[in-house]
Structure formats: C-alpha cells, structure tokens
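Enquirer: What follows is a single structure, and I will ask about it in a moment.
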Amino acid sequence: MNQDTCGFAVRQSAALKTSVSKSFRTSLPGGWKKMNDKNTGYEEKNHRYPDSADVAGGERGKAFHAALEREEALKTIINNSQVVVFLWKNEEKWPAEFVSENVVNFGYTVEDFISGRVLYGDIIYPEDLNKVGEELQKRILTGAPDFSMEYRIFSKAGKIRWVNERSFIERDQEGKVTHFQGVVLDITERKRSEEKLKKALEMQKVLTAVINNSPAVVFLWKNEKYWPATFVSDNIVQFGYTASDFISQGILYGKIIHPDDLKRVEGELERHIQKGEVSFNSEYRILTKAGDLRWVNERTFIQRDGNGSVTCFQGIVLDITPRKKIEEALRKSLEMQKLLKTIVNKSSAVAFLWKNTENWPVEFVSENITQFGYSAEDFTSGKILYGDIIYKEDINSVFESLARAVREELDSFEMEYRILTGDRNVRWVEERTYIQRDNKNTVTHFQGIVVDVTERKEAREMLEIQRELSIALSSTWNLQAMLNLILDSCLKIREIDAGGIYLKDELLDQINLVAHRGLSSDFVEKIYAYRADSPEAKQVWTEKPVYKLSFFAEEMAGMLRKEKITAVAVIPMKHRGEVIGSLNFASHTVDRIPHNVRNFLESIALQVVNYIAPIRIEADFI
C-alpha cells in the first residue's frame with residue numbers, strides 16, 4: 001500500500017468514526033431503521049429532511065446533501081457487512097440506544113434492542129458475562145478511551161456465537177461514562193478454525209510423542225533410487241541411526257536393506273506401482289548402524305500426482321525381530337509337535353489332559369484313542385466323560401487313589417484299572433499321570449497317558465493259572481479229576497466259555513469226548529465220539545492246532561452254528577511223538593481266539609499231556 005492509499009484509508013476511517021459518532025449523537029434511536037422504512041422514507045413524525053432541491057442554491061445545502069449521501073453509504077456498507085454497530089447506555093446490562101440492521105445476522109431485529117425487550121447483557125454467555133463486566137470496569141477506572149474483548153453471545157435461536165467487540169468509551173464534561181459506541185464482529189468461524197488448529201497441533205504433538213516412543217518408525221521417501229528420506233521420526237535411534245543421518249542424505253534407506261532382500265523388495269514395490277495400487281507391504285531384513293540384522297515390516301502408501309506419476313512414499317517401519325524369532329521357534333516347535341504327535345498316535349500310549357472336575361472331562365486326547373473304539377471328538381466335545389468309560393467295579397478305587405495322591409500333594413499318580421471300549425469290551429489299562437496345580441496349589445488338571453495292558457495283565461493271569469494248574473495236577477492221580485481241573489482252569493480265560501477234551505481209544509479205533517463244559521446236551525450227544533477215519537479225527541492227527549470254523553465239515557459246521565459257537569480252538573496233545581487226544585475250546589462272544597489265548601492253550605496242551613499220558617496208559621494196561 002503506497003502513501004496516498006494509506007492516507008486515504010486513514011481519512012476514510014476517521015470519517016466513518018466521525019459520521020457514525022455524529023449519527024449516534026444526533027439521530028433518534030433507531031434512526032437508520034426509519035430511514036430504510038419504505039412507507040416513511042426520510043420523514044419523521046413532525047419533521048422532514050430537506051431534499052436537494054430545497055438547498056440546491058446554497059453551499060450549506062450542498063454540504064448537507066453530501067453528509068446525507070455519506071451517511072446512506074455508510075449505512076449500506078455496515079448493514080451489508082459482518083460488523084454490527086451498537087450504541088449502549090452505561091447502565092446495567094447495557095441497554096441499546098442504537099443498533100445497525102445487520103443485527104439480524106444473530107437472529108434479532110433492531111426493535112428487539114431499541115424497545116428494551118432485549119438487553120445486550122442478556123445475550124452474553126453467562127460464563128463470559130462477569131469477565132466482560134470486569135474488564136470493561138477496569139478500562140473505565142483507568143480512564144482508557146476504548147475497550148476490546150472476545151466473548152460468546154447467544155443468537156436468538158439459542159446458538160452460541162463468538163464475537164469480537166471494539167468500543168469507544170464516551171464520557172461527559174465531568175468525565176462520567178455515559179455511553180459505549182462499539183462494533184461487534186462475529187468471529188465464530190475463526191474461533192472454530194483456531195480450535196481445530198489447536199486440536200490439530202495438540203494431536204500432532206501427541207502423535208509425534210506416541211510415534212517417537214513407539215517401535216514404529218515413520219518415513220517419507222522420495223521416489224528415487226535407494227529411496228532417499230525427506231523425513232524420519234526420531235525413534236529411528238532404535239536402529240542406531242539419527243534422523244539427520246537420513247535427511248542429510250548421508251544414508252540412503254535402500255543401502256541399509258540386506259543385500260539378499262533388496263532386489264525382492266524393489267521387485268515387489270515395482271509390481272505394486274505398475275498395478276496402480278495405493279499401498280505396499282513387505283517384510284525384510286535391515287542392517288543397524290552397528291551392523292546387526294533386524295527383521296522389519298514396512299507398510300507404505302504410494303503417493304501420486306495428478307497425472308498418476310509416483311512422487312513419494314509415506315510409510316512406517318516396524319521392528320518385528322522378536323516376532324520372527326518367536327515364529328521360528330514356533331515353527332520348530334510345531335515340527336517337533338507334529339513328530340511327537342505322529343509318534344504318540346502310532347503308539348499304544350493314549351495321551352490325555354483331564355480337568356479336575358467330576359468324572360474328569362477331557363480337554364485333549366490323542367487320536368490313537370481309536371484303539372479303544374472312540375474318537376477324540378467324543379471326549380473333547382463333552383459327549384463322553386472319562387469317568388463314564390471306567391469299569392464300574394473299578395471307579396471307586398480309581399477315585400479314592402487319585403484323591404489320596406492329591407491330598408498327599410504328590411506330583412504324580414499311577415494305577416491299573418479296567419475301562420469299557422466303544423463296543424463295550426473290557427480292557428485293562430495302566431494310567432501314569434502328572435498332577436497340575438496353579439499358583440495357589442489348587443489342582444486344576446491331570447496330564448497323563450493311558451496304556452492298554454490287557455495282554456500283559458492276561459499273560460500274568462495265564463501264568464498264574466498254569467502255575468496253579470501244575471500244582472493241582474501234581475496232587476492227584478485221578479484222570480477224570482485231572483480233566484476237570486484242566487477245563488476249569490482254561491475257562492477262567494475271558495474269551496473262552498466252552499470246552500471239551502478228547503482222548504484216543506485204541507481198542508475202538510476212535511476218539512472220545514471224556515470231559516466237557518458249557519455245551520448243550522444235544523450238541524454233546526452228537527460230538528461224543530468220532531471214528532478214527534472221520535474228517536474231525538484226521539484233522540487232530542495232523543498235529544497242528546485249528547482256529548477256523550471253516551475247518552469243520554458241513555454237517556459239523558451246521559451244528560456249531562446251531563450251538564451259536566463263533567470261534568473255536570482245537571489243540572492236539574502229543575506224547576512221545578504220538579497224538580493221544582486234543583483240547584477243544586469254543587467261544588460264544590468273540591469271532592476269533594486272540595493270539596495270546598492261543599499261545600496259552602498250546603502251552604497248556606504241552607503242560608498237561610505229561611500228566612494225562614501216564615495215567616491213560618496205566619488205565620489202558622489195567
């Protein structure tokens with residue numbers, strides 16, 4: 001602005017002040033409003049302003065006409081601006097003697113204030129009213145010529161607006177304040193912008209503090225080779241660098257990426273750019289200033305200009321080395337877990353994790369639970385509780401033994417008991433369990449393995465049967481007693497529920513059923529004896545055990561079906577190279593004689609023939 005322009009502005013400002021002041025002091029309250037009234041024009045009740053024709057001939061008339069034009073121009077300017085002009089009395093709540101028509105900007109009319117219905121103090125926000133009064137009183141007491149303050153007012157609709165008031169303090173000849181001539185400017189939008197800026201700056205400060213105290217390093221890279229940085233957050237120090245290392249271009253970001261990863265990162269970024277994508281994400285290794293390797297995750301926004309050309313990259317780089325180490329450890333752990341799972345699932349040991357609640361619900365069970373006829377889902381779903389499959393005659397002893405181990409604060413529990421399989425068969429198992437406690441020493445879980453020891457248990461029982469049978473046979477020389485002892489002993493085996501012993505009759509050239517158990521009288525009558533040349537007798541003479549129903553002739557097979565026999569064992573008894581008879585056993589419950597039972601029966605046949613043969617020979621001799 002040049003000197004003439006500045007001078008004009010000063011003059012115009014002085015003229016505005018003088019004219020408005022004069023208007024306030026010489027016009028009736030609400031004079032400008034009346035001047036705008038289409039019905040009255042410039043007329044007042046008992047007075048009319050002279051028009052230009054009345055005074056055209058004199059200098060005084062010209063000056064008056066010019067003053068009217070200036071006043072009209074000022075009125076138009078003010079009423080079309082955001083500046084509301086007031087003339088307040090120096091009384092409580094500052095009643096208005098004059099207000100410009102643009103007070104409508106706040107929803108009010110001139111009449112609202114001039115009539116006294118609305119006092120200016122009534123529209124000032126209550127929390128600001130005292131401050132306005134105190135500040136104005138302070139200016140008056142110090143003799144100040146003016147007053148300026150920002151505060152809030154209510155619009156007529158009840159909305160809060162921020163205003164800036166600038167007023168001249170009018171005094172009479174004795175120095176007493178009589179009026180305040182002021183302008184009120186709506187600065188709500190500016191205040192909102194200031195508030196937004198303040199919040200933005202506060203948020204920027206918070207974000208900067210958060211970023212610089214977080215592991216996420218913020219970068220702004222140029223789209224140039226090796227990505228020079230124009231900005232980097234201060235927490236780059238976690239990698240040993242300073243922000244100035246990068247901003248000075250002393251270090252280029254691409255140069256700290258591990259050489260084995262750099263080409264891959266470049267290729268991935270280029271593909272994202274070519275596809276027109278807006279972001280890029282990659283994991284790779286970087287070198288710290290000390291030369292250590294760190295894994296990072298980069299998440300970047302690709303910035304483009306109006307033509308779609310890439311200008312820069314905004315991104316964050318997060319140190320994920322601990323996560324990578326955990327992932328690697330987890331990968332190895334999963335591989336080991338997979339290997340152990342394979343080993344467990346191919347073994348006879350079933351792994352369990354039980355809760356320490358009633359009937360021991362199962363949280364985990366290995367897949368090889370199928371060997372007992374169940375699926376893992378049967379237990380983990382809660383459909384079957386472990387206590388449900390423990391043999392009812394053993395459940396109390398299992399519970400009491402486990403409770404005693406818990407009570408005595410033992411770390412483990414071991415026991416053999418019976419369980420029911422999915423098809424309701426009974427199996428002996430051995431359980432070995434670790435007792436888990438929380439930090440309050442309360443037992444929460446049991447972690448253990450269950451091993452099927454049925455065959456071992458049965459083998460032990462079979463050895464005991466053989467030992468007792470040997471003692472019993474040694475104490476008698478009665479053939480029939482011996483035969484009964486043999487049958488009774490063998491029928492202790494769970495899978496066998498019927499049996500008979502055949503001995504060869506040399507005189508009659510046949511084999512005879514000399515003792516039997518668990519067979520119907522009709523069946524016994526039909527199989528009581530066989531000629532030496534019969535298919536059944538011939539099979540015995542082959543000196544090989546028979547365990548198949550298909551061995552028997554059709555007629556015999558029909559009798560077995562009628563007897564409901566489902567499995568058989570025919571064991572020849574051989575003494576000094578000659579077959580003297582056979583041990584025949586059957587089952588009505590299993591479809592095959594288990595191998596351990598077969599071994600037991602064959603062992604019994606070898607054992608008892610040494611007792612039977614001498615007595616049989618003696619009986620034949622007599």
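The values are calculated or read from the model by the stated rules, or taken from the named source; none is laboratory data. None of these values were measured; they are calculated from a predicted model. We place every Cβ from the backbone using ideal geometry, glycine too, and count neighbours over all the protein chains shown. Note: accessible area is taken over every heavy atom of the protein model, side chains too, but ligands, DNA and RNA are not part of it. Shrake-Rupley method; radii C 1.70, N 1.55, O 1.52, S 1.80 Å.
Enquirer: Heavy atoms only, 1.4 Å probe, whole protein assembly: order Thr589, Thr178, Thr454 by accessible area, highest first.
Expert: Numbers: Thr589 105, Thr178 45, Thr454 0 Å².
Listed by decreasing accessible area, they come as Thr589, Thr178, Thr454.
Enquirer: Please compute the Kirkwood hydrodynamic radius of the range 317-396 from all pairs of different C-alpha atoms, in Å with one decimal. Before the final figure, lay out the partial values.
Expert: Numbers: mean 1/r = 0.0666 Å⁻¹.
Here the Kirkwood hydrodynamic radius works out to 15.0 Å.
Enquirer: Pop a pseudo-label 7 angstrom from the Cα along the beta-carbon direction at both Arg117 and Lys564 and give the gap in nm to one decimal.
Expert: For Arg117 paired with Lys564, the spin-label model returns 10.9 nm.
Enquirer: Separate question: Accessible area per residue of the range 335-474 at 1.4 Å probe, in Å²?
Expert: Details: 8210 Å² over 140 residues.
Per-residue accessible area for the range 335-474 comes out at 59 Å².
Enquirer: Restricting to Cα atoms and excluding each atom paired with itself, what does the Kirkwood estimate give for the range 266-327 in Å?
Expert: Numbers: mean 1/r = 0.0769 Å⁻¹.
After inverting the pairwise mean of 1/r, the radius is 13.0 Å.
Enquirer: Can you give the Rg to Rh ratio for the range 209-362, taking only C-alpha atoms and Rh from Kirkwood? Mind showing how you got there, number by number?
Expert: Working: Rg = 22.4 Å, Rh = 18.5 Å.
For the range 209-362, the value is 1.21.
Enquirer: I've got another one for you. First obtain the Kirkwood hydrodynamic radius of the range 389-468 from its Cα pairs, then insert it into the Stokes-Einstein equation at 10 °C and 1.306 mPa s, and state the resulting D in µm² per second as a whole number. Intermediate results must be reported in sequence, preceding the final value.
Expert: On the way: Rh = 14.1 Å.
Rounded to a whole number, D works out at 112 µm²/s.
Enquirer: To continue, here is another question. Let me know the number of lysine pairs in the range 86-223 closer than 24 Å at the Cα, not counting same-chain pairs under 8 apart.
Expert: 23
Enquirer: Over the range 416-565, what percent of the accessible surface lies on carbon and sulfur atoms, probe 1.4 Å?
Expert: Here it works out to 52 percent.
Enquirer: Tell me, what is a quarter of the convex hull surface for the C-alpha atoms of the range 430-544, in nm² with one decimal? Kindly include the intermediate steps, with their values, before the conclusion.
Expert: Details: hull surface 49.1 nm².
One quarter of the hull surface, i.e. the mean projection, equals 12.3 nm².
Enquirer: Report, by chain and number, residues whose modeled amide H sits under 5 Å from the one on His445, excluding near sequence neighbours (fewer than 5 apart, same chain).
Expert: Asn356, Gln436
Enquirer: Send over the per residue convex hull volume for the range 455-513, Cα only, as a whole number of Å³. Kindly include the intermediate steps, with their values, before the conclusion.
Expert: Details: hull volume 5.5 nm³, N = 59.
It comes to 94 Å³ per residue, whole-number rounded.
Enquirer: Based on the Cα atoms of the range 118-243, what semi-axes does the equivalent ellipsoid have, where each is the square root of 5 times one gyration tensor eigenvalue, given in whole Å with the largest first?
Expert: Details: eigenvalues 551, 55, 36 Å².
That gives 53, 17, 13 Å for the three semi-axes.
Enquirer: Quick one, what does Rg over Rh come out to for the range 367-423 if you take C-alpha atoms and the Kirkwood Rh?
Expert: Numbers: Rg = 13.0 Å, Rh = 12.7 Å.
Using Cα coordinates only, the ratio equals 1.03.
Enquirer: Return the inverse of the average 1/r over all pairs of distinct C-alpha atoms in the range 65-177, which is the Kirkwood hydrodynamic radius, in Å to one decimal.
Expert: After inverting the pairwise mean of 1/r, the radius is 15.2 Å.
Enquirer: With a ≥ b ≥ c the root eigenvalues of the C-alpha gyration tensor of the range 330-445, is it rounded (a/c under 1.5), prolate (a/b larger than b/c) or oblate?
Expert: Values: a/c = 1.79, a/b = 1.10, b/c = 1.63.
Note, shape of the range 330-445 comes out oblate.
Enquirer: I would also like to ask the following. Do the alpha carbons of any pairs in Lys338/Lys392; Lys548/Lys574; Lys346/Lys574; Lys255/Lys275 sit beyond 32 Å of each other, and which pairs?
Expert: Lys338/Lys392; Lys346/Lys574
Enquirer: Distance between the C-alpha centers of the range 246-308 and the range 495-518? Whole Å please.
Expert: What the calculation gives is 91 Å, centre to centre.
Enquirer: Between Tyr284 and residues 5 or more places away or on another chain, which pairs have amide H atoms under 5 Å apart, with H built 1.01 Å from N, and which residues are they?
Expert: Amide H neighbours of Tyr284, under 5 Å, 5+ apart: Val296, Glu298.
Enquirer: Would you work out the charge dipole size for the range 85-136 about its Cα centre, treating the Cβ of every Lys and Arg as +1 and the Cβ of every Asp and Glu as -1, and quote it to the nearest 20 debye? Please report the intermediate quantities before stating the final value.
Expert: Details: 4 positive and 11 negative charges, 17 e Å.
In total the dipole reaches around 80 debye.
Enquirer: Now for a different question. Taking Rh as the Kirkwood radius computed over C-alpha pairs, what is the Stokes-Einstein D of the range 556-613 at 20 °C in a medium of viscosity 1.002 mPa s, expressed in µm² per second? Kindly include the intermediate steps, with their values, before the conclusion.
Expert: Details: Rh = 12.5 Å.
Translational diffusion coefficient: 172 µm²/s.
Enquirer: Between Glu327 and Lys492, what FRET efficiency comes out of the Förster formula 1/(1 + (r/R0)^6) with R0 = 56 Å and r the beta carbon distance, rounded to 0.05? Can you show the working numbers first?
Expert: On the way: r = 59 Å, r/R0 = 1.05.
My answer for the efficiency is 0.40.
Enquirer: Same structure again: What percentages, rounded to whole numbers, describe P(r) for the range 483-618 computed over all alpha carbon pairs with 5 Å bin width beginning at zero?
Expert: 2, 10, 22, 26, 22, 13, 4, 1
Enquirer: Still on this structure, I have one more. Please report how far the C-alpha centroid of the range 380-411 lies from that of the range 154-193, rounded to the nearest whole angstrom.
Expert: So the separation of the two Cα centres works out to 87 Å.
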